[in-house]
Every structure is written in C-alpha cells, then in structure tokens.
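The values are calculated or read from the model by the stated rules, or taken from the named source; none is laboratory data. The model shown is predicted, which means the values in this text are computed figures rather than measured ones. No Cβ is skipped: glycine too gets one built from the backbone with ideal geometry, and neighbour counts run over all protein chains shown.
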Amino acid sequence: MMQKRYLLIGLFFILLSCTEEVKVTPFTFPKAFTGETQRSWVMRSFQILREGKGAITLLPTDILIDCVADDIYTFYYDSQRTYRVTDGSAKCNSGDPDTIVESSWAFVNSTAALTIIMPIFSDQPLPFILREVDDTKMVLDIYFDDESSYRLNFRQTSHD
C-alpha cells in the first residue's frame, strides 16, 4: 500500500514537470560582431598587457605605419563565415591589393575564442579571447607562449 502511494506521488510530479514547452533558441551571438549580414571594424587602440603592472595603451599609428593602421576588418554572417581585412584610405604602396586577407572566422562560445587572421601578428589564424562586444566596440585579447599578451580595441565603422 505504501509503495503505491509513493508511486502515485512520483507519477504526479513527473506529469507536472512535463507540462512546460521547450523553446529552442538559435545561436545568434556572433551577430554581435557580424551584424545581420556584415559588420566592419577598425582598430582604435592597441594595449600591451603586463602581468602585475598597468597596461601600455598605444594608438594604431604609434605602433604601425598609417597604411596599416586604417585597415578595415569585416565579419560576414554567412554560411562560409567570411572574414576580410581591406586597406583603408592610406595604402602602403600604390600597387598593393585592396584586400589584405580573405579567410574565415570561427567562434567557440564556451571559451569566447574568436579565431581570425590578424595581419599584424601572423598570416595564420590565431585564437583571440572576445572580451567585450556591442554595437559600437569590440575588445579582443591574445596571449602568447612567451607570456606576452595584447588587447586590441576596435570601433565599428559600418554595419548592415
């Protein structure tokens, strides 16, 4: 008799717990840096992060020549996850192509890792930590094996 009572109570709670409708939410976080179709960014500052000390903040023109400091980083929200780095207004040489990098981006939500090619560091994709992103700014950190780390601060230049 006692077992039937526990069984009925258990079934009652199981039936109550199954009444909530499950809503599937699509993964749309990358739209923060891609927009609905595309979003472009330019670097506004570059920081050297030193452990136990304050960060050294530099403007892109402090560390890069003008023709590199005005590069435009565009993320596309498409099936190929297209990523382009193009020359801004100042070209290094008149014969340089408009597109510096044409590749793809990858984002892992659990580690906040945005993998892209950043021409000032490498011509291979590197994992950056996405620290902050909204409609106007994006902050990326990168850490290297030699204990050096950098923070790239971007501002949005255009969106869809």
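Looking at the stretch 31-44, can you tell me whether even one residue there is more than 25 Å from ARG151 (Cβ to Cβ), in contact with a strand residue (DSSP E or B) (Cβ under 6 Å, 6 or more places away or on another chain) and either at pLDDT below 90 or not polar (S, T, N, Q) (or both)? Checking the stretch 31-44: not a single residue is more than 25 Å from ARG151 (Cβ to Cβ), in contact with a strand residue (DSSP E or B) (Cβ under 6 Å, 6 or more places away or on another chain) and either at pLDDT below 90 or not polar (S, T, N, Q) (or both).
Restricting the first member to the stretch 31-45 and to residues that are touching a residue at least 60 places away in the same chain (Cβ under 8 Å) and surrounded by fewer than 16 Cβ atoms within 10 Å (Cβ to Cβ), and the second to residues that are hydroxyl-bearing (Ser, Thr, Tyr) and in a loop (DSSP other than H, G, I, E, B), the beta-carbon pairs closer than 9 Å and six or more apart or on different chains are GLU36/TYR77; THR37/TYR77.
Can you confirm whether the stretch 90-98 contains a residue that is in contact with a strand residue (DSSP E or B) (Cβ under 7 Å, 6 or more places away or on another chain), surrounded by 11 or more Cβ atoms within 10 Å (Cβ to Cβ) and either modelled with pLDDT of 90 or more or not acidic (Asp, Glu) (or both)? Checked against the condition, which is being in contact with a strand residue (DSSP E or B) (Cβ under 7 Å, 6 or more places away or on another chain), surrounded by 11 or more Cβ atoms within 10 Å (Cβ to Cβ) and either modelled with pLDDT of 90 or more or not acidic (Asp, Glu) (or both), the stretch 90-98 yields no hits at all. Scanning the stretch 104-120 for residues that are part of a loop (DSSP other than H, G, I, E, B) and among the β-branched types (Val, Ile, Thr) yields THR111, ILE117, ILE120. For the stretch 122-146, a residue qualifies if it is of a type in the set (Phe, Trp, Tyr) and in contact (Cβ under 8 Å) with a residue 24 or more places away in the chain, and exactly one does: PHE128.
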